[in-house]
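Note sheet for the following structure.
The values are calculated or read from the model by the stated rules, or taken from the named source; none is laboratory data. Here the structure is a predicted model, which is why all the values come from computation and not from measurement. So basically every Cβ, Gly included, is an ideal-geometry build from the backbone, and we count neighbours across all protein chains shown.
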Amino acid sequence: MSNRESSRRDLEPRGEGMLRPDEVAAMVELHRLGWGSKRIAAEFGCARNTVRRYLSAGGWVSYRRPLRRRRLAGLEGWLADRFRQHRGNCDVVRQDLMREHGLLVSLRTLERAAAPLRQDVRAEARATLRFETPAGKQLQIDFGERRVPVGGEAVRVHLFVATLGYSRRPYVRAFRHERQTAWFDGLEGAFRHFDGVPQEVLLDNARALVERHDAATRAVQFNARFEAFARHWGFRPRACAPYRARTKGKDERGVGYAKHNAIAGHRFESWAGLEAHLAWWMREVADVREHGATGETPRLRFERDEAAALQPLDGRTPFRQVRELVRKVQADCMVEVDANSYSVPWRLIGQSVEVSVDDGRIRIRHGGQEIAAHAETAGRKQRIVDPAHFHGVAGTARPIAAEPAAEAAPTLLRPLAEYEQVAGGGW
């Protein structure tokens, strides 16, 4: 064997797949011309058995690896579902695999099996299908979070952002939390700002609004109070597909726009100052800038096409002003409303009472009469107590002792004169 041929064999990888189809075709042609397998092997720098295999096959054949049973065989669907559910966290998927299927695999094995899935998730996250909604059809809502200097202190501000799908006109409001009351107040503020209600509201799968969303069947179970809220205002709620928040891309971009344009770099003396700035920004900046997608200002597009397409408010009162609830009085003389507790007279422990939330007031009735009233608190897990509700309870600061009822004198059913006449004289 020549030095050139030896060098070629040293450089080329070992294995059955090192010859290309055109080389195998040349090999078959040389054999037809009378070359032996040993000479052909030396010419192509491969093993003699390789030449014999190709010649017996009559041409190029692919290398077939021995089939080995994969440990995750049959679990492809389960793996894809859990990978999406845990947002690509293979370590958590591995724990579920052990707990549910009793199968222990290395993290590296699971990562190799999930590699195609990871690519799909990344592609889905980047892919955005732009669609245009008709005027008055859809409102997209979401929350964004940012720390903002307010009163000399860095405050965590939760920005509620609502964007009309057709005109791209936004509504932005600042909250201190993202609880259900904030979602409701934000939506009602948007309806008043636009002076109308769209046909549907598209939202992410926020826990305050969505109880369950099956990624496979797309079956959605909304929170019962949110469904009542939607019925009260006359819109249809829609939830994005799990892990596909970009399907409401108009509002996703609106959240970023509000965070980086409305409040970035600003300092506010008070919370009221922040709210006043957002109102100014919506009016003087967001409504009048030329939108990149439509080429028009949101205000012009709204007034020309979308304002008349929205459902009129028809004087509907805020949803939280007309709430009617039924609660059972607990052993601590409290009833719970929106994660806060309000006191009632202790004699009603164990009884069911009617609670109404009306214009910032908690009113509690029993037997058709109002027995307690409190100012609604915006906090969480607060106890609002009226000391008068505990009067007469042992251990309270001002117990009221129960006075024994005076024993009533017995009354006679007949006058004494009648008894005297029967007895035959006086007593």
Is segment 191-201 home to any residue that is under 21 Å from residue 286 (Cα atoms), without any contact (Cβ under 8 Å) to a residue 60 or more places away in the chain and not in a helix (DSSP H, G or I)? no
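Conditions (1) modelled with pLDDT under 90; (2) among the hydrophobic types (A, V, I, L, M, F, W, C), marked per residue:
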residue: 252; (1), (2): yes, no
residue: 258; (1), (2): yes, yes
residue: 262; (1), (2): yes, yes
residue: 265; (1), (2): yes, no
residue: 270; (1), (2): no, no
residue: 281; (1), (2): no, yes
residue: 288; (1), (2): no, yes
Among the residues of segment 268-308, write down those that are among the charged types (D, E, K, R), within 20 Å of residue 189 (Cβ to Cβ) and assigned to a loop (DSSP other than H, G, I, E, B). 287
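A quick yes/no check of all residues on (1) over 17 Å from residue 180 (Cβ atoms); (2) of a type outside the set (Phe, Trp, Tyr):
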| position | (1), (2) |
| --- | --- |
| 319 | no, no |
| 339 | no, yes |
| 362 | no, yes |
| 370 | yes, yes |
Residue hits (segment 229-250; farther than 26 Å from residue 286 by Cβ, at pLDDT below 85 and out of contact with any Asp or Glu (no Cβ under 8 Å at 6 or more places or on another chain)) are 241, 242
Being of a type in the set (D, E, K, R), outside any loop (DSSP other than H, G, I, E, B) and touching a residue at least 24 places away in the same chain (Cβ under 8 Å) is the filter here; which residues of segment 309-346 pass it? 320, 323, 324, 327, 328
Answer yes if at least one residue in segment 288-295 is surrounded by fewer than 16 Cβ atoms within 10 Å (Cβ to Cβ) and touching a strand residue (DSSP E or B) at 6+ places or on another chain (Cβ under 8 Å), and no otherwise. no
Identify the single condition in (1) touching a helix residue (DSSP H, G or I) at 6+ places or on another chain (Cβ under 8 Å); (2) within 25 Å of residue 186 (Cα to Cα); (3) surrounded by 17 or more Cβ atoms within 10 Å (Cβ to Cβ) that residue 341 does not satisfy, given that it satisfies every other one. (1)
Pairs with Cβ under 8 Å, 6+ apart, first in segment 83-98 and over 12 Å from residue 109 (Cα atoms) and touching a residue at least 24 places away in the same chain (Cβ under 8 Å), second charged (D, E, K, R) and surrounded by fewer than 15 Cβ atoms within 10 Å (Cβ to Cβ): 83/118; 88/118
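From the list 385, 335, exactly one residue is modelled with pLDDT of 85 or more, aliphatic (A, V, I, L, M) and closer than 29 Å to residue 226 by Cβ. Which is it?
Checking each option against the conditions leaves just 335.
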